[in-house]
Each structure stands twice: as C-alpha cells, then as structure tokens.
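K.L.:
Sharing a structure with you now.
Laboratory data are not the source of any read-out in this text; all were calculated from the coordinates shown. Nothing here was measured: the structure is a model prediction, and the numbers come from that model. All Cβ positions, glycine included, derive from the backbone under ideal geometry; neighbour counts span all protein chains shown.
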Amino acid sequence: MKIGIVGFPRSGKTTVFNALTGLDAAVGFGGDLSKPNLGAIKVPDERIDRLSEIFSPKKTTYAEVVFVDYPGRPDASASIDRGTIAQMRDADALVQVVRDFEDPAAERAADPKRDIEGFAAELLLADLEIVEKRLERLRKDKSKEKETGLLDRCREVLESERPLRELQLSESEERELAGFGFLSRLPLLVLVNVDEARAAQPLDESVAAVLAAGRVAGLAMSARVEMEIAGLDEADRGAFLADLGVEKPARDRFVRAAYGLLDLISFLTSGEDEVRAWPIGKGTPAVRAAGKIHSDIERGFIRAEVVAFDDFVALGSDAKCREAGKLRLEGKDYEVRDGDIIHFRFNV
C-alpha cells in the first residue's frame, strides 16, 4: 500500500510528508534528489481506540499506509522531471500537494487551478507517450489485435484530455493494463496546502469546483500548522487547536482520505492479547480476509464469527451480541464489511 506524494516545486510536499510521518526529511533541494523519502503512517481509527479501552490489550495495532515523497526538480521549473515520473509508476495512488499560500521565493504566484490542471496534463502526456510507443510495436505484430484494440481505446481517452481512470474496463482488461504503470489510471487526491490563517477553513469553493469537474477528491490542510501540532505534547495540542478554531488535526482526515483512495476497509480483531485493524480491499470474501492473519487460517477455514463494531460497543460483549442475534456465523464467501469484528474458526 504505497501512496506517492507529488507536487510542483515550492508546493510544500516534503513539509506535508514530515507533518504526516514525524520525520525530518530535508525540504527544498537539500536532500538526495535521486531517492524518495519513505514513511509508514498509522491510520487513525476511533474503533481501535475504543476496543483498546474495553480490552486493555498487551498490544494495539493500527492499519498502516506507506507514504513516498518523491524528489523534486533541482530548479524552479513548474513541471515533474522524467526521473520522478518513472518512480511514480510504482505507487498505488497519488496525492498532489498544491500551493495556496504566499511564497516570496516562488517565481509565480499561487494558483491552485493552474497547478491542478497542469499536473493532470503532465500525467496524460506521460501515459500517451507509453501508449503510442507500444502501439507502434504492436502494428508490426498482427497476433495481438486484442491488446491493440485496448490501447487504441486508451489513446482516444487520453487525446480527449481525460484520465484513464475514467475508462471502464473488465477485470481481464484491468490485468492487461496493470504492467504499464499508467499514472492517470491511479486514484488521485489533491491536498491544497494553505497558510496558517486558513488552517480551519474548508476547501475553497472555486478549487472544489475544479476538482469536482475532474472527479477528483480534495481537502485543505496547512502543512506548517500540522508540523507544529505533530511536535506538541498531547497535553498542549488541545489548547493549540482551540486557538486555531480546529477540533482535530487535519492530518487525521488526510490519512483516512488517503487510505480510502486505495479502496481499502478494515476488519478488526480484539482480545486481551491484541486489538488490531486489518486492511483489505472492499469486496474481500471472509476466507481471503482470514489469510491476511495467517495462511493456515485461510487453508483450514471453517467459519467466521462476525459482529459489527457498533453492535459490540452497544451491547458490551460477544455473549450479549449472541443473545441479541447480532453475532453471526458466516461462510467463506461472506463479503467482509468495514468495521466487522471477526473471530475465525479453522482446522489444519
């Protein structure tokens, strides 16, 4: 689960990365421009917090997402260099950081609409280059008409200035395109980096309209403020947030939104040893969810004992959930839902 943090120079993407991870990666062009910064981030989950209060486990484990801060250009060019484009193809989703604050060192004034549209255009051109090169080779090979037809459809979408994520594909077509690393096919979230004065404000309406037109999710966050919050003791955070007029750090909303980009949900396990969130894709059957814990559980799957988180918290125990008919026995094909608390029965 790898989410790439990208953006034009001076957008503050490395500041965002540091605010999320608590790391101290060099900002600007002070770091190693050949290597991305990596950081694993726990996904905030109030359900895990609540279950930990109930069970007082020896260990509490949250779901995690790996964020990758790709190196920027060693100049002020408003574009993404080819080396970074190549590294981005390894991501599962992308977060574009867009500057919406005054920066005396920047050559151009902040313009979120310009940067959102410019970044989208760069992804389209990068993908179109791959499609055209591959089609040129395929025209010499008459045995691959199916692939040619699929890539012709991709080219038509890209030439109409639309991202490949808008292309409706079958499962087999999805698999066929997976190896190309198309960037405009990846889920995208736009993070508008605002100044401290607007840290508590929602996304600007004009920017929200641009994103809605492109069917892209977005939110606003002040990276500098979030870095300050991350560096405070827990006891001091409440007063700092109150001064800003903010209930919770935007960081938590952002990490949850990024987690959702990957089309992931979490099922939960609980007990005195450990309370844990297990990330899986939406639509995962119970038997495959069992394999996330251990391959032996998947191989010897008998049934899943399932109770919804809200029902468990309302009733207080498995026994009471069973009495109320809220604890269910599900088979291999049961589609696991977000927040299901599951105990797997198996035999190997």
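K.L.:
Work through the residues other than LYS320 whose Cβ is under 13 Å from its Cβ and net out their charges, Lys, Arg +1 and Asp, Glu -1.
P.N.:
Charge balance near LYS320 sits at -1.
K.L.:
Also: If I take R0 = 45 Å and measure r between the Cβ atoms of GLU145 and LYS292 in this structure, what FRET efficiency does the formula 1/(1 + (r/R0)^6) give, to the nearest 0.05?
P.N.:
So the FRET efficiency works out to roughly 0.70.
K.L.:
Follow-up question, since we're still on this one. Tell me, what is the FRET efficiency for GLU205 and LYS282 to the nearest 0.05, using R0 = 30 angstrom and their Cβ-Cβ distance as r?
P.N.:
After rounding to 0.05, the efficiency reads 0.50.
K.L.:
So what is the relative contact order for the chain, in percent, with contacts set as C-alpha pairs under 8 Å and at least six apart? Before the final figure, lay out the partial values.
P.N.:
On the way: 582 pairs, mean separation 66.1, N = 348.
Dividing the mean separation by the residue count of the chain yields 19 percent.
K.L.:
Near VAL307, within a Cβ-to-Cβ distance under 15 Å, what is the net charge of the other residues, with Lys and Arg +1 and Asp and Glu -1?
P.N.:
Local net charge: +1.
K.L.:
When the Cα centres of region 106-129 and region 271-348 are compared, how far apart do they sit, in Å?
P.N.:
Here the two parts' Cα centres lie 44 Å apart.
K.L.:
So, one more: For the chain, what is the mean residue ellipticity at 222 nm derived from helices alone (per DSSP H run of n ≥ 4: -39500 (n - 2.57); sum divided by total residues; nearest 500 deg cm²/dmol)?
P.N.:
Mean residue ellipticity, 222 nm, calculated: -12000 deg cm²/dmol.
K.L.:
Once you sort the root eigenvalues of the Cα gyration tensor of the chain as a ≥ b ≥ c, which label holds: rounded (a/c under 1.5), prolate (a/b larger than b/c) or oblate (the other case)?
P.N.:
Values: a/c = 2.27, a/b = 1.22, b/c = 1.85.
Oblate, because a/c is 1.5 or more while a/b does not exceed b/c.
K.L.:
Summing +1 for each Lys or Arg and -1 for each Asp or Glu, what net charge is found among the other residues whose Cβ lies under 11 Å from the Cβ of ALA199?
P.N.:
Net local charge, ALA199 excluded: -3.
K.L.:
Turning to a different aspect of this structure: Let me check against my output: what whole-number percent is the relative contact order of region 134-213, with C-alpha pairs under 8 Å and at least 6 apart?
P.N.:
Result for region 134-213 is 19 percent.
K.L.:
Nothing charged except the Cβ atoms of Lys and Arg (+1) and of Asp and Glu (-1): what's the magnitude of the dipole of region 283-346 about its Cα centre? Round to the nearest 20 debye.
P.N.:
In debye, rounded to 20, region 283-346 gives about 180.
K.L.:
Which Cα, out of LEU169, LEU125, PRO71, lies furthest along the positive dipole direction of the chain (beta carbon charges, K/R +1, D/E -1)?
P.N.:
Toward the positive end, the furthest listed residue is LEU169.
K.L.:
A follow-up question, please. Tell me, in nm to one decimal, what length is gained between SER56 and ARG175 on full extension, where the rule is 0.36 nm per residue of separation less the Cα-Cα distance?
P.N.:
38.5 nm
K.L.:
Another question about this same structure. Using the crude model of +1 on Lys and Arg Cβ and -1 on Asp and Glu Cβ, and no other charge, please compute the dipole size for the chain relative to its Cα centre, in debye to 20.
P.N.:
Here the chain has a charge dipole of around 1140 debye.
K.L.:
What distance in nm separates the two pseudo spin-label positions at GLU132 and ARG303, each 7 Å out from Cα along the beta-carbon direction?
P.N.:
Spacing of the two 7 Å Cα→Cβ label points: 6.1 nm.
K.L.:
Under 20 Å Cα to Cα from LYS248, which lysines show up? Leave out anything in the same chain fewer than 8 places away.
P.N.:
Straight-line reach from LYS248, under 20 Å: LYS42.
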